[in-house]
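Let me begin by presenting the structure, written as structure tokens, before commenting on it.
The values are calculated or read from the model by the stated rules, or taken from the named source; none is laboratory data. Remember, it's a predicted structure, so these values are computed and weren't measured experimentally. Cβ coordinates were reconstructed from backbone atoms using ideal geometry, including for glycine residues, and neighbour counts include every protein chain displayed. In case anyone asks, the SASA skips ligands and DNA or RNA and just uses the protein heavy atoms, side chains included. Shrake-Rupley method; radii C 1.70, N 1.55, O 1.52, S 1.80 Å.
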Amino acid sequence: MKNLILSFLGIFVLNISFGQDLKLWYTEPATKWEEALPIGNGKLAAMIYGDTNREIIQLNEETIWAGEPGNNIQDGIRPHLDSIRTLLFEGKNKEAQDLAFQFLPKDAPENGNNGMPYQPLGNLILNFPDKGKTTNYKRDLDISNAISHVNYLSDGVKYTRTHFASLTENVIVIEIESNKKGKVNFSMEFECPHKTYEIEVENNALILKGKSGDQENKIGKVKFTGMVKPVLKEGSISQNGKTLEIKNADKVTLYITAATNFKNYKDLSGNPDQLALSYLERANEKSFETLKEEHTSRYQEFFNRVQLDLGNMTESSSLPTNYRIANFDGKNDPSLISLYFQFGRYLLITSSQPGSQAANLQGVWNDKVSPPWDSKYTVNINTEMNYWPAEVTNLSEMHQPLFDLVKDISETGKESAERIYGARGWNIHHNTDIWRISGVVDGAFYGLWPSGGAWLSQHLWQHYLFTADASFLEQNYEILRGAALFYFDILKEEPKNKWLVIAPSMSPENSHHSKTSIAAGTTMDNQLVFDVFSNFIKSATILDKDPILVKQIERALYRLAPMQVGNWGQLQEWMQDWDDIGDKHRHVSHLYGLYPSNQISPFQNPELFAAAKTSLIARGDHSTGWSMGWKVNLWARLLDGDHALQLINEQLTPSLQADGTEEGGTYPNLFDAHPPFQIDGNFGCTAGIAEMLLQSHDGAIYLLPALPSSWKQGEVNGLKARGNFDVQISWQNGEMESAIIVSNEGGNCRIRSNVALQGKNLKKAVGENTNVFYKTAKIKTPLNHSSSEQGYSKPKVFEYDIATQKGEIIELLRAE
């Protein structure tokens, strides 16, 4: 019924009607991995180089990780926690850190590890005869249908390659054809970077078998099998050692698949040979065209939910993508921002399908046995950032793999909670991997931060707020409860103000004094625990559970340390006023309360809002790619669209420099550069663009809260607001012109706008929003503040209420 309504209104229109060409395209083959084009289906992934002589198809299977099942709990630290806490409360942070270092060195002890790396399957190499010069070369990735192409002319023959990773079958499919009969000739072989592997040819299929690597105290026990089966139209196929040779074909279709023995984080009993063969046999029952149609149809079910038009196409829009990046300015090529936004949604759909593993630090694309930071799950922001676009850009299903990870961690995290902290519930530190480790990673300086679970658990609550799915909340209640129990047990009273704080901990990866990170009561921890407790209380109340525990958590919530404004008007990062105005650190952890949380509001607590802005200005704009993606969201929450656009400009700056060095920004294939590649920046910026156009965290659906002055006209279609509302907005001359809101759940719809609105049954808003999904928690008044000194006044906005029934459609126009 919902889709019929939306179709009737013309909300879900084709991307082409928005004037957008949703293609990344280039006039030369990729010469490096960061120029290749990504395809994937969650389980399988490939990077397509597009070479005309020696083509590289770099392959990944999501469960090929080094090591074996097992946690990494460090038992030695628990007896010394009280001593570390005493030192912290005495102001002896360096001594506390030195003591922690003795039991948590950066190099993992003999019985521990810092997590395992995600590893590639290998490369499929296609060797084509060298026919000399090629012309009319073009390669592209069409993200409107998740299909990549390579086209060129050689010796009077037009060659076309089409690639996709099927979302309906567990195969990657490549079709190679020419416009003249008998002109498709090439050989194919596997390359493998692993130490243990073998390659064989059987029944005209190329087969790669191997196992993952050893690292630290773990033996590589993931066994994998990759298979490639060519199907020819005319021509012949022959074996030459470990190579297949294809001659004089009209067309060749390659079916590529892979499987491992991985069943879950504690079970490696699968049969990769049998699984891979079953995938191939099933796919071979269908023609290339059928597979492509099924794949495209499934992909567009997700992708076509949201369209974005930021204005007319410009001269720059007609350039190849790498040139567009090199010449980018948000004012001269706004359609590149639309493409980048949709590319982030493409990456989430293709790296995080229901039933797959969660997107890791590189999504699912990685060509190195030892990738940067092991391509693990870094949960002090990076993993969470991967999923910031999931709800607001209408891709809730893609969130499921993260929920599966959190469910696993809520089990393994019981070990770290009990054995390291003597606490109930569960926790995780700043890193995990496919084995769901929950202990400290990378030693005391970076790793003694027990709040990864606090952040991860927010995604469960936010999914409930966006979808209004009470059954989901019921299914995940014990996870939310376990997170609350852990922090309830480990909070300690600090002696000066009698606040309850976490000690020891840190503000992720930053130091408050030279080479000292360990602290008590950091602002981010206080904000995270506030959310954990608030979410548990609301969940228990909704589900009518645990009334006694709710009262206990409520009392602890009241005693948490408040946010504080420091001596130069900044939001303090630590409990003490230690902030350095010259600190340009990539993490802005203390601004978690501004985004992604909703604890800092221009309407509810303008003093904190002004202090957060002061902190963000001091931090600066240019940084690593993911950090700039976070700042897009932060400036959007600060209602400053021009500054948010400035950060998008920074993020879309070319990473590769003329002298061969790299900076934070964007690679030619639109991948985010930390550097090196980290996918979180892509996802963060996509979420940030949505946040500029729609916000629903602060008691109302705010239409165009941070529209840049240069985005004079445009339209966004299909974004999701909390309370399960679908939203379409169009604007002219920099101001909202019309909006359509579909209420999928019913309940009061409060609308906030920078311009006056008119619409049926629209009433001026009075009091708090009665919609249960818009209840905002009350924050303690900050200490040491003065709103007059901050020079900040609340935004002048229009607010309206309309009582809705499930399925009701709200049509709004700008008031004359």
Exercise. So between V755 and R555, what do we pick up on full extension, going 0.36 nm a residue minus the alpha carbon distance?
Worked result: 67.9 nm
For this session: Give me the angle, in degrees from 0 to 90, between the Cα long axis of helix 452-467 and the longest principal axis of the Cα atoms of the chain, rounded to the nearest 10.
Result: 80
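Listed highest first by mean packing, meaning other Cβ atoms within 10 Å per residue, what order do 181-187, 750-756, 399-405, 357-363 come in?
Result, highest mean Cβ count within 10 Å first: 357-363, 399-405, 750-756, 181-187.
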Exercise. Among K545/K720; K138/K247; K251/K292; K43/K266, which pairs are too far apart, with a Cα-Cα distance over 22 Å?
Worked result: K545/K720; K138/K247
For this session: Report Rg/Rh for segment 619-730, rounded to two decimals, where Rg is the Cα radius of gyration and Rh the Kirkwood radius.
Result: 1.03
Problem set entry | Helix 288-303 axis, angle to the chain major axis (alpha carbon atoms, nearest 10°) | 10
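T770 to A658: extension gain in nm, 0.36 nm per residue of separation minus the Cα-Cα distance?
Stretched out fully, the T770 to A658 stretch lengthens by 34.7 nm.
Going through the cross-link list K133/K209; K32/K242; K180/K242; K414/K498; K131/K209, which pairs have a Cα-Cα distance over 31 Å in this structure?
Values: K133/K209 37 Å; K32/K242 26 Å; K180/K242 29 Å; K414/K498 28 Å; K131/K209 33 Å.
In this structure, K133/K209; K131/K209 exceed 31 Å between Cα atoms.
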For this session: Give me the accessible area per residue for the chain, probe 1.4 Å, as a whole number in Å².
Result: 36
Exercise. What part of the accessible area of segment 639-769, given as a whole %, is carbon or sulfur when the probe is 1.4 angstrom?
Worked result: 43
Seminar exercise, completed: Calc'd 3J(HN,Hα), segment 643-649, phi into Karplus 6.51 cos²θ - 1.76 cosθ + 1.60 (θ = phi - 60°), Hz, glycine/Pro = x, comes to 6, 4, 5, 4, 5, 4, 4
Seminar exercise, completed: Check: C-alpha center segment 445-505 vs C-alpha center segment 176-228, spacing in Å is 43
Exercise. Which value, to two decimals, describes the C-alpha radius of gyration of the chain once divided by 2.2 N^0.38 Å?
Worked result: 0.95
For this session: Mind ranking 43-49, 275-281 by how tightly packed they are, going by the mean number of other C-beta atoms within 10 angstrom, highest first?
Result: 43-49, 275-281
Problem set entry | Under 17 Å from K794, Cα to Cα: lysines that are on another chain or at least 8 residues apart | K613
For this session: Using only Cα atoms, locate the centre of segment 602-673 and the centre of segment 240-258, then give the distance between them in Å, rounded to an integer.
Result: 46
For this session: Calculate the spin-label point distance for K780 paired with K407, positioning each point 7 Å from the Cα along the beta-carbon direction, and give it in nanometres.
Result: 3.7
Exercise. Counting only residues 5 or more places away or on other chains, whose amide H sits under 5 Å from the amide H of I147 once H atoms are built in the peptide plane?
Worked result: D142
Problem set entry | FRET efficiency, D75 to D273 (Cβ-Cβ, R0 25 Å, nearest 0.05) | 0.05
For this session: Work out how much length E281 to D580 would gain on full extension: take 0.36 nm times their residue separation and subtract the Cα-Cα distance, in nm to one decimal.
Result: 101.5 nm
Seminar exercise, completed: If one compares the long axis through the Cα atoms of helix 547-558 with the longest principal axis of the Cα atoms of the chain, the angle in degrees, nearest 10, works out at 80
Exercise. Expressed in whole Å with the largest first, what are the equivalent ellipsoid semi-axes of segment 112-197 derived from the C-alpha gyration tensor as the square root of 5 times each eigenvalue?
Worked result: 32, 18, 12
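Which percent of the accessible heavy-atom area of segment 370-485 goes to carbon and sulfur, probe 1.4 angstrom?
Answer for segment 370-485: carbon and sulfur cover 46 percent of the accessible area.
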Seminar exercise, completed: Mean 1/r over distinct Cα pairs of segment 489-619, inverted to a Kirkwood Rh in Å, yields 15.5
